[in-house]
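As structure tokens, the structure follows; a few thoughts come after it.
Bear in mind these aren't lab numbers, they're just calculated from the coordinates by the rules spelled out. Being a predicted model, the structure only gives us computed values, none of them experimental. Cβ placement follows ideal geometry from the backbone for every residue including glycine, while neighbour counts extend to all protein chains displayed.
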Amino acid sequence: MTTVVVAGALANKPDSGGEAWVRLTWVRGLADLGLEVRFVESADVAADGPAVAWFDAVTDWAGLTGRATLLDGHGERLRGPDLTGVAEDGAALLDLSGSLTDRALLGAFRCRTYVDLDPGWTQLWDAAGLLGDALDHYDTHLTVGDAVSDCGLPLSGRRWEPVRPLVLLADWQGGDPSLAGPLTTVGSWRSPSGTLPYEGRALGGKARSWRPLSDLPDRVPQDCTAVVAAHPADDDDLDRLRAGGWSLQPPSAVATPADYRAFVLGSGGELSVAQELYVGTRCGWTSDRTAAYLASGRPAVVQDTGFSAALRGSPALVAFNGCDDAVTACRALVGACPQELSAAARTLAAQVFSTRVVLPRVLDRLGVR
């Protein structure tokens with residue numbers, strides 16, 4: 001049986017159910033295809049700290065006990081088995097955002113793939129030399145940005161191949177079929193990476209994408225709810241959202257994978273802005289969050305980032321440019337048949353984002369059988 005090792009951030013992203021789902025779906029999707037799957041993370045964390053407790057809780061919940069390895073910043077194992085032998089025996093590495101920083105273990109893999117979850121950011125960091133030689137250690141470079149190779153971003157001589165965000169359809173069943181819940185989203189107000197210069201502008205996270213939509217709930221028939229991670233310095237902006245009709249919840253509402261799934265299943269659909277850098281570069285980023293909403297039978301109204309034509313045309317996924325566009329899209333959902341809209345959402349998820357569609361193509365590209 002072929003072994004695949006997925007590297008990803010859990011201890012480095014504690015108390016975030018949505019971020020955990022991104023990593024777990026790669027593991028669960030590969031296992032669903034019959035592969036032997038291990039998980040590994042390098043994290044500069046204390047052995048007895050809360051981040052390690054979070055790692056333990058999530059990997060136990062996902063059934064990864066005994067198959068998940070956590071390394072500290074010096075390469076010492078804090079949890080799980082030594083993977084050196086697994087790597088040397090021919091296991092393939094799928095490294096999500098370069099989460100395996102231990103060079104000795106990284107070098108032991110003969111098949112190494114970097115999966116870019118932050119298109120635009122990654123290419124601009126690479127071009128500016130901020131990543132050093134980190135990307136040079138991989139044979140293949142994948143990205144969840146459909147248009148990274150065509151939108152004008154610097155490629156630094158690398159071939160970035162698009163890959164869809166993943167969803168394991170069986171993980172997202174249930175919820176109210178009437179789509180009676182509020183339109184919802186989960187996200188951070190600002191990017192922890194600040195801003196980056198691009199074509200004479202400083203592009204950053206979601207703050208400047210959110211502000212034009214501050215009063216959107218007052219203009220649509222649906223209730224609108226957002227889980228927003230923000231700094232106290234952003235309280236004035238959050239107050240404007242509340243004044244415009246947004247119901248805001250703290251990140252603790254979706255702190256675990258189970259909480260996050262319940263939040264999505266309780267929604268009537270997704271209404272999300274994208275990071276300003278994704279929009280400004282037109283890199284074609286699409287969200288794992290959107291894939292989860294669609295797989296749950298929920299429509300998605302999302303800010304346009306230049307994603308490909310393959311994602312357009314379904315009534316269940318509408319891209320907007322500006323608040324007026326978003327208002328029109330939200331109002332249109334009300335006139336649609338909930339059962340037909342839900343079926344269209346599931347169909348799109350099955351055709352485009354399903355692990356059983358996306359992962360075989362990835363494995364074929366890597367020569368993994």
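Relative to the present Cα-Cα distance, how much length would full extension add between GLU36 and LEU155 at 0.36 nm per residue of separation? Don't jump to the answer; show the numbers that get you there.
Numbers: separation 119, 0.36 × 119 = 42.84 nm, distance 3.31 nm.
Full extension from GLU36 to LEU155 adds 39.5 nm.
Per DSSP helix of 4 or more residues, -39500 (n - 2.57); summed, then divided by the residues of the chain. What does that give at 222 nm, rounded to the nearest 500? Helix contribution divided over all residues of the chain: -9000 deg cm²/dmol.
Across the chain, C-alpha contacts under 8 Å between residues 6 or more apart give a mean separation that, scaled by the residue count, equals a relative contact order of 17 percent.
Taking the Cβ of each residue in LYS13, LYS206 as the centre, tally the other Cβ atoms inside 10 Å and list the residues starting with the fewest.
In order of increasing Cβ crowding within 10 Å: LYS13, LYS206.
Largest GNM mean-square fluctuation among SER178, SER42, SER272, using the chain with Cα springs under 10 Å: SER178. Rounded to the nearest 10 degrees, the angle from helix 50-61 to the longest Cα principal axis of the chain is 90 degrees.
For the pair ARG369 and GLU76, the difference between a 0.36 nm per residue extended length and the Cα-Cα distance amounts to 102.4 nm. Per-residue Cβ neighbour counts within 10 Å put LEU183, LEU106 in the sequence LEU106, LEU183, beginning with the fewest. Under the simplified labelling scheme, the ALA243-ALA128 pair shows an inter-label distance of 3.3 nm, with each label point 7 Å from Cα along Cα→Cβ.
GNM remark for the chain: springs join alpha carbons under 10 Å apart, and the peak mean-square fluctuation among ALA104, ALA255, ALA295 falls on ALA104.
What fraction of the Cα pairs in the chain, stated in percent, has a spacing above 36 angstrom?
Pairs farther apart than 36 Å: 19 percent.
For the range 33-154, the share of DSSP beta bridges that are antiparallel, to the nearest 5, is 15%.
Build a GNM of the chain with springs between Cα atoms under 10 Å apart, and of GLN275, GLN222, GLN303 the one that fluctuates most is GLN222.
Would you mind checking the range 220-251 for residues with the amide N under 19 Å from a putative spin-label position 7 Å along Cα→C-beta of ASP176? What the label zone holds, given the 19 Å backbone N cut-off, is 220-227, 246-249.
The distance from the alpha carbon centre of the range 211-262 to that of the range 16-33 is 25 Å, rounded to a whole number. Look at where the Cα atoms of the range 134-196 and of the range 75-95 average out, and the two centres are 25 Å apart.
Residues PHE109, PHE320 in ascending order of nearby Cβ atoms (within 10 Å, fewest first): PHE320, PHE109. The residue among LEU183, ALA43, VAL362 whose Cα reaches farthest toward the positive pole of the charge dipole of the chain, with charges on the beta-carbon of Lys, Arg, Asp and Glu, is VAL362.
If contacts are Cα pairs under 8 angstrom and at least 6 residues apart, what is the relative contact order of the range 169-352 in percent?
Working: 334 pairs, mean separation 46.9, N = 184.
Once normalised by length, the contact order is 25 percent.
In debye, nearest 20, what is the charge dipole magnitude of the chain about its Cα centre with +1 on Lys and Arg Cβ and -1 on Asp and Glu Cβ, if you could check? Could the numbers behind the result be given before it?
Working: 32 positive and 45 negative charges, 174 e Å.
It comes to approximately 840 debye.
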